[in-house]
Amino acid sequence: MKRNHQEITITQLCEMLGVLYPCMDDFPYIYDFDNDFYYIAPNAVQRFSLSENSFHDVIHTLEKLVYPPDFEALQNDLKQLLAEEKDFHNMQYRWMDSDGNPIWINCRGRVVKNSDNSRYMLGCINEIGTRQKADNISGLLGESSLQNYLQELYPLLPSGYLLRLGIDDFKGINEKLGIEYGDMILKKTAKCISRCLLPGQQLYRLVADEFMVLDFLGDSLDNAVALYKQIRQSVDRFVEENHYEAVFTISGGILPSSEVKNFSFSDIMKLSEFALNEAKRRGKNQCYSFFQEDYDNFLKRRKLKQILSRAVRNDFEGFEAYFQPLFYADTHTLYGAETLMRFRSDEHGMIPPIQFIPILEETGLIIPLGRWILHQALAACKKIQQWIPDFRISINVSYIQIMKSNIISEILEATNEYGISASSVVIELTESGMLESDTHFSKLWPKLKEAGIRLALDDFGTGYSNFHYLHDLQPDIIKIDRTFTAKALKNEYEYTLLSLMSDLVHNLQLKMCIEGIETEDEESRMQNISPDYSQGFYYGKPCPYDQFIEQFVKIQ
C-alpha cells in the first residue's frame, strides 16, 4: 500500500481506525502477523469480553474471547493464513460479550503484503444476530434505533411514558391468511398508530407484532390511556373498512418514565414487556399501567417457579403429603381421608397450595408431583387398612395430568403395586377441571370405573355446575364446596337449593359429601339435608401421616 510513495505503517493504520470507528456500527481490525499484534476499534471493549483493544499473543488471547466450541475452527483458519496457504479470511462464529454470552459475528479480512514481505490482515467484524435498525414492512425505525435513542438520554429519562403495543393473536392471522397478508396488517396497524400521534411522540417497530410509542413531553398517565383508546378505535375502524377479513384487537402496556429506576435499555424493555403481557393476561384489547407491586408479585411467582422446579429435581424435597379425615355423616366414624399436597421452602416457609398448585399446573410439574403424591397416598392407605380394613383414600387429579400424562394406567399400576383394592381409591376431579379435560376424561373414565375405582366430583356448586356430568360420567360422590355450604348456612334460599340438590343426588343413587364444616352448629344444620359424608375443620384439619394416625386412626 502506498501513501505519497511511502508505505503506511501499522501505527498509522491503527490511528486511522481510531478516527473512523465512531462513524461505523461494526468493528474494524488489523492483525499484524509478523509482530503477533492485534488492534480492533475501541468500541469492541464495551461490547465483547476484551480488557483492551490492542494486544499481542493473538491466538492465545482470542482463545479466551471466542466461544469454546468455535475456537478450533478459527485456529485452523488462522494457521492457514499464517502459513500463506490463503489470503482471505471469512468466518461466522461466536465471540463472548461483556456479560459472558456468546454473540454471533461475521469476521472478514484481506491479507496485505508489504515490499519488505511483512504481512498483516485488514478486516471488519460485524454482528450477524443484531436487530435491524429499521423495518421495511412497517416503514418504522427498529429496536436497535430505539436503543440508540434512549441511550442518548442517559442517565435520566425525561418525564412522560412509554406505550408498548401488541396485536392480539397475530399468529392466527399469519396461519389463516398467510405471512404476506400478515405483513399488510402490520403495515396498516403502524399507520393506525401513526395517525393518532402528536408532534414530538415517536413510534418504533419492535419484535414480531409489537410497537413502542415514546412520549417524553411530560404527559400524564391519563394522556397515555387516552392515546391507547384512540389507537384502539383507529384499529377498529381499519378492521371495519377491511370488511372484517381479519378481525383483531390491540393491547397496550404503559410504562411511566418515573418507574424506570435503573436506567438501562434491558430494564426498559423488560418492564414494558411485563406491562403489555399483563394487559394480554387480563383479557386483551385493553391497556395496563405498570404497577410496582404487580411486578414484584410477578417476580415472586417466577422465583417460586424456580424453587418448585429445583425441589422436584431434588427428589421432591420440601413436599409432603397431608391427610384430612372424611367421616360418615350419620355415625361420625372415620370413612377415609383426602390426600393433600403441601410444600415448605427454606426461604419462604410453608407456601399455601393456592399459590403453588397453579404454578405446578402451568409448568407441567404437576405430572411428576401427581405421580409422587399418588404413591404417598396409596402407601398410607395400605398401612391404615391394617387398623381399618375398609378405609378409603381420596386423591386429587389435575386436568393437566389427564390431558398430558398416562395417569389412568399409573393409578391402576400403583394399586397393584401396593396390593390395594381399586374400590379403596377415590379420584377427585374439580368441576372446572372437567371443562378442560371433558373429552379426554370421558374416554378414560370407563377404564377406571370398570376396575372399581370411584370418582368424586369436587367443588360442586361453584362456577359452572354442568349437570350433564352427572349423566355422562355417573360419578360416585358429589362434594359440595365450602363456598356453597357457607351460603346455605346464611341464606334460606341457598339452603333450600342445597336440600333439593341433595334429593337429586340421592335419587340418582349417588353419595354426597359436605365440605367445609367448621362449627358444631354448622354440623347440626347440615345433618338435616342428609349428607353421606362430612369433611371440615370441625372434624379435623389436614395433617401429616403420623399425626393423622395418632389423632384419627388409633382412637377409632
- prompt: Cα to Cα, under 30 Å, and not fewer than 8 places away if on the same chain: which lysines meet these conditions relative to residue 382?
  reply: 404, 443, 447, 449, 479, 511, 541, 554
- prompt: With axes computed from alpha carbons, what is the tilt in degrees of helix 431-451 against the longest principal axis of the chain, rounded to the nearest 10 within 0 to 90?
  reply: 60
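Compute the signed sum of charges (Lys and Arg +1, Asp and Glu -1) over the other residues within less than 11 Å, Cβ to Cβ, of residue 391. Provide the component values of the computation, followed by the final result.
On the way: positive: 382, 383, 392; negative: 390.
For residues surrounding residue 391, the net value is +2.
The chain: longest stretch without exposed trypsin sites (Lys or Arg not before Pro) (DSSP loop, at most 13 other Cβ within 10 Å), sites themselves excluded?
283-553
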query: What does the charge count near residue 406 come to, summing +1 for each Lys or Arg and -1 for each Asp or Glu among other residues with Cβ under 14 Å from its Cβ?
result: +2
task: Over the chain, with every protein chain in place, what whole percent of the accessible area is carbon and sulfur at 1.4 Å, could you tell me?
output: 48
Hits among lysines - C-alpha to C-alpha of residue 261 under 25 Å, sequence gap 8 or more where chains match: 270, 280, 300, 303
- prompt: What distance in nm separates the simple spin-label points at residue 264 and residue 98, each placed 7 Å from Cα in the Cβ direction?
  reply: 1.0
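Which FRET efficiency, nearest 0.05, do residue 530 and residue 410 yield, Cβ-Cβ r, R0 41 Å?
Numbers: r = 36 Å, r/R0 = 0.87.
That gives a FRET efficiency of 0.70.
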- request: Report, in degrees rounded to the nearest 10, the 0 to 90 angle that the Cα long axis of helix 292-313 makes with the longest principal axis of the chain.
  value: 80
message: On the principal axes of its Cα set, how long, how wide and how thick is region 64-123? Give whole Å, largest value first.
response: 42, 19, 17
- prompt: Quick one: Karplus J couplings for region 25-31, per residue in order, coefficients 6.51, -1.76, 1.60, θ = phi - 60°, nearest Hz, x for Gly and Pro?
  reply: 8, 9, 10, x, 8, 9, 10
Region 275-322: C-alpha gyration tensor shape, a/c 1.5 cut-off, then a/b vs b/c: prolate
message: If I fit a long axis through the Cα atoms of helix 492-507 and take the longest principal axis of the Cα atoms of the chain, what angle between them do I get, 0 to 90°, rounded to 10?
response: 80
Proximal aspartates and glutamates to residue 86, defined as alpha-carbon separation beneath 15 angstrom and excluding residues fewer than eight positions away on the same chain: 77
task: Please compute P(r) over all alpha-carbon pairs of the chain, binned at 20 Å starting from zero, and give each bin as a whole-number percent.
output: 16, 32, 31, 17, 5, 0
message: Just to confirm, what accessible area per residue do you get for the chain at 1.4 Å probe, in whole Å²?
response: 51
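The values are calculated or read from the model by the stated rules, or taken from the named source; none is laboratory data. Since we're looking at a predicted model, the values are computed, not measured. Heads up, the Cβs are rebuilt from the backbone with ideal geometry, glycines too, and the neighbour counts pull from every protein chain shown. Surface areas here come from the heavy atoms of the whole protein model, side chains and all, with no ligands, DNA or RNA. Shrake-Rupley method; radii C 1.70, N 1.55, O 1.52, S 1.80 Å.
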